[in-house]
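One structure is given here, and the rest of the page talks about it.
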Amino acid sequence: MVNTIKNMGNVDSNSSKFLYVGVGASAGGLDALRKFISNIPENNGMAFIIVQHMDPTHKSGLVNILSRYTSMEVLEVEDGQKVQPEHVYIIPPNKDMGILDGKLQLMEPFEPHGLRLPVNYFFTNLAKDQKDRSVGIILSGFGSDGSDGLNAIKANGGICIAQDPSTAGSDAMPMNAINTGLVDMVLAPEEIPDKLLSYNRSSSKILNKILNPEDETIQALRKIFLLIRNRTGQDFSKYKKSTINRRIGRRMNIHQIVEMPQYLRYLQENPEEIDQLFQEFLIGVTNFFRDPEAFESLKQDALKDTIEEKNNTDILRIWVPGCSSGEEVYSIAIIIRELLEETGKNLEVQIFGTDLDPNSIKIARSGTYTNISEDIGHERLHKFFYKKDNLYTIKNDIRDMVIFANHNVISDPPFTKLDLISCRNLLIYLESEAQERVLSNMNYALKKDGILFIGPSENIGDFLDAFSVIDNKWKIFKCVKSSRVLFDNIKTRKISYQQPHTYWNNQFALKDLKKGRTDFNIIKIAEKNLIDIYVPPSALINKLGDILFIHGRLGKYLEPSPGRAHMNILEMAKEGIKLGLSTAIQNAISNNKEVVFDSLQVDTKDNKNYIKLTVKPINNQDSVRGLLIVSFEESNAQNLDQEKINLHNDSNNNEHIKSLENELKLTKERLKANIEEMTTSNEELKSANEELQSLNEESQSTNEELETSKEELQSTNEELSTVNSELQIKIDELSRINDDMINLFNSSEIAIIFVDNNLKIRSFTKESTKLIKLIESDIGRPLSDIATSITYPDLMDDITQVIEKLAFKEKEVKTKDDAWYKVRIMPYKTSQNVIDGVTITFINITNLKTTQEKIQSALGYAEDIINTVHEPLVVLDEKLRIISANLSFYSTFDLLQSETEGEKLYAVGGGTWDIKSLKSLLEDVLPENNEINNYEFDYIFPIKGHKKLLLNARRIFRGDIGTQLILLAMENMDNCIEDVNNI
């Protein structure tokens, strides 16, 4: 077999990036391993590490067995051994095995034999060490070992394979692995090597193609996002493309699809693959107290102060978005419980754990985990978890602090009034735009001085003014509540549901401009447009008049307004410019073209100047479209004053000029009054507009509160539904148990009555109605009120004594129809070990009584016969002790029954029976089933003198006590001689 597959495809075995294939097996796994190993070709580019459940006291022979089926070198692992491709490594007995930097590490097992999960332990370590080069294979075996380890391999980009259960000697391990939903392939053992080889050959090619996409690949990716959104309602277009591409590439490699458009077609034809891809995107790495130092810093440097500042009537509210299977949520709940105990506070705690994945939320709600002893110390395990076999279940006082719900942190409204948000290692999977949106939402959701806890590889980006640092190493921040962030958040939440993409693109572009970022080449764009209009003193503004960039000196035209500082060009414009400037800006925005005013008058202390004002929209850059450039330059309109003087000196036109001047003066006064009135109106309108904006923001905030309350109610409703389902399951179980008990009682034909502490009937079995006249309506009535056919006058007194003294009573009583019953009265104990009445059982012993009477009669009959026999008879046990004897024996040897029974034969009669030969013969009767016939024995009587006896003995069996005994019969030889003489 080995020789036939040597040339089935070659992989560069010298490559440093080979696959590490972990194989887990148990009972029945030897045949599966043989089939698997024998089909692996040479030059496969993989290393195989086998972890099998072994007897810790028995030396493994697996190395010798598997060496027969492969040309690869098969080794039993040595501590610190470096893994090489084209090698097979086998775990030694009574060891746990991990891997670090490609070297296998052996350790003494922590758990006792029978409770160990070595496959889980190795798979988890393999995933952490080798990431996407790890492979987990589950072959035949008992139990569920390996299932949790597959989750770690999948989360790190590896692949998971399970043996087809129909081909397994023991299908428990493969079935449990398949039921996790993590398995990528289900194959017979002999089919796995070929799939692994194909996967290894094509992985780098597919990944390289996806990470360097062409237009066709990008278009296919967008359509894949669309398919997932249509099927699941979740949009992954805001997630980092590198992560998404790698996980799509893994699925493509599993199906051996090279082109993204082909995979898109495969998704359309196989909707279940969309579900698999959706789960692929959601897989995250989590565990209890991940980065213990970070959680200790959170506890001591942040949460402790927060809790100490609260009153006992306050509520501590916490949100953990992207909580996966709940480990992080419970970790935070545990440290809060510890802090409450340390500080003596009695706060109400609400922790919201949310995630996109319903399956993860289901696991989190159950609160049951395996393999967590390494992450949690022994003290915390004992204090906060119940343990059963290899399962650890969170205790109720921690579970009651937490509410789990499905939630999309990008699109769904956030929770509000929070004291802590823990969002670790979620932001790294999001694009920068989505990161800013999530951080803005979190700033809005947190109370002032609330805590933000993110992953060590994450940062808060441009939100430095919204958070202050508590611990820079472990990324713990305090919310400062930036007014800009709050405004952007409210505005965003108002508009984002209508035009999410356009709005967010413009908002983040504008935000970047306000912050002075050069991402959009603002300086180059401004300089280019300024050069086009000969670069007079100018300002770059938005449609609201906010100044974003200044070129040249504008002191002649603009000055800061009194009061709160503003960078708005209309508020800073000097008298004479403001009205024209406002008009020019509005015209430029409305008509989207350049507006020029040639002769605007500027009032200064010394004289009046005239300027040329130009307002030009920018339309040639998408990133800054909608901005305007305002330019100021000196105007030649000042010559108009000189012309007016010349006209004034003309004597022929004096009166006409004087009339025109008066009219002009009146017009100016009217114009000035109108301008002042319009300015006042504008100020009032501006104030009204600000008030309306404030009211709108307050309304929006109230709406957000209502949305949040709705989300909380939905989460609470889901929790109640879950609890209701659990209660319904328990009710069904109790009903089934109750039915089982009723059938058990009825089938046993034992009459049972349950009575409470007040001697009232709680319940009874059908059989008991034959003795006591009970019907269903008698439940709750005193037992003493019910008629009974049993002659038991002390029944109620005995029940009372059992309740008071907690000692059961047992009596044999007779019924009126001469039937006999054994009555047993026992205390009734609840599950809390409280006495709550008695249980009375009636067992029919009529047949037993009849049998006993017959046996007693037969025994009396036999004893009468034996006692009438003249020859002495005695029964001995195996130690030659006298069990019983007839009257003739006692009278013949002048013995008393009370002094003789229980004594050894050779000890009675003054030692006359202590004859060595007789003892030897008697001792051989039982073990060798010998008989003694006519043994002559001389006995000296005190009065009668010497007598000769003839002894006979044989083995007998007493059935009532199951014992072998010796019957010894004696005959007086002197009497026999006399009889012969008489004859």
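The table for this structure:
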{"read-out": "Estimated dipole of the range 273-380 in Debye, rounded to 20 [Cβ of Lys and Arg +1, of Asp and Glu -1, Cα centre]", "value": "380"}
{"read-out": "Unit charges on C-beta of K, R, D, E only; dipole of the range 292-495, Debye", "value": "580"}
{"read-out": "Interchain or long-range residues, amide H under 5 Å from Ile956's placed H", "value": "Leu965, Ile966, Leu967"}
{"read-out": "Set Lys475/Lys543; Lys387/Lys473; Lys240/Lys362 screened for pairs whose C-alpha atoms are more than 31 Å apart", "value": "Lys475/Lys543; Lys387/Lys473"}
{"read-out": "Of Lys299/Lys478; Lys417/Lys448; Lys59/Lys128; Lys556/Lys612; Lys310/Lys448, pairs whose Cα-Cα distance is over 20 Å", "value": "Lys59/Lys128"}
{"read-out": "Whole-angstrom gap from the range 443-475 to the range 780-797, using each part's C-alpha centre", "value": "76"}
{"read-out": "Distance violations [Cα-Cα > 25 Å] among Lys388/Lys730; Lys154/Lys395; Lys770/Lys811; Lys904/Lys948", "value": "Lys154/Lys395"}
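The numbers here are math on the coordinates, done by the rules we state, and not lab data. The structure displayed is predicted, hence computed values, not measured ones. So basically every Cβ, Gly included, is an ideal-geometry build from the backbone, and we count neighbours across all protein chains shown.
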